[in-house]
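K.L.:
Mind looking over this structure? Questions follow.
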Amino acid sequence: MAINEQLLKILACPETKAPVALAPSIMVENLNRQIKSGSLKNHSGKIVSEVMEAGLLRSDGKRLYPIVKNIPVMLIDEGIDL
């Protein structure tokens, strides 16, 4: 999945303001397997039910924000703690 480089430069974690980068595809694949099995929860504790096309990984590697239907979901509660 490609994301506009200009958009990527301005996006940041809404909680810490840390930069984000496109997550490795293998990480997204592993998270999608957990989603399909019903075992992945987001930051708010809700089970994630929609698979993601890609993800934006916070620079410290502790949270991922999903990209669903080509839209980065940059909400604290929707982030996935890693």
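Here, each number is a calculation from the coordinates, and none is a lab measurement. These figures come from a predicted structure and were not determined experimentally. Backbone-built Cβ (ideal geometry, glycine too); neighbour counts: all protein chains shown.
K.L.:
Would you list Glu50, Glu15 from fewest to most Cβ contacts within 10 Å? Intermediate results must be reported in sequence, preceding the final value.
P.N.:
Details: Glu50 10, Glu15 14.
Lowest to highest Cβ neighbour count: Glu50, Glu15.
K.L.:
Something else about it: Would you tally the net charge around His43, using a Cβ to Cβ cut-off of less than 15 Å, leaving His43 out, and scoring K and R as +1, D and E as -1?
P.N.:
Values: positive: Lys41, Lys46, Arg58, Lys62, Arg63; negative: Glu15, Asp60, Asp77, Glu78, Asp81.
Neighbour charge sum, excluding His43 itself: 0.
K.L.:
While we're looking at this one, here's another question. Find how much the distance from Glu50 to Ile10 grows on full extension, using 0.36 nm per residue of separation minus their present alpha carbon separation; answer in nm with one decimal. Display every interim value, and only then the final one.
P.N.:
Numbers: separation 40, 0.36 × 40 = 14.40 nm, distance 2.53 nm.
The Glu50-Ile10 span can extend by a further 11.9 nm.
K.L.:
I've got another one for you. Within 15 Å, Cβ to Cβ, of Ser25, how many net charges do the neighbouring residues add up to if Lys/Arg are +1 and Asp/Glu are -1?
P.N.:
Working: positive: Arg33; negative: Glu29, Glu53.
It works out to a net charge of -1.
K.L.:
Determine, for the chain, the count of lysine pairs separated by eight or more sequence positions (or lying on different chains) whose alpha-carbon distance falls under 25 Å.
P.N.:
Here the count comes out as 14.
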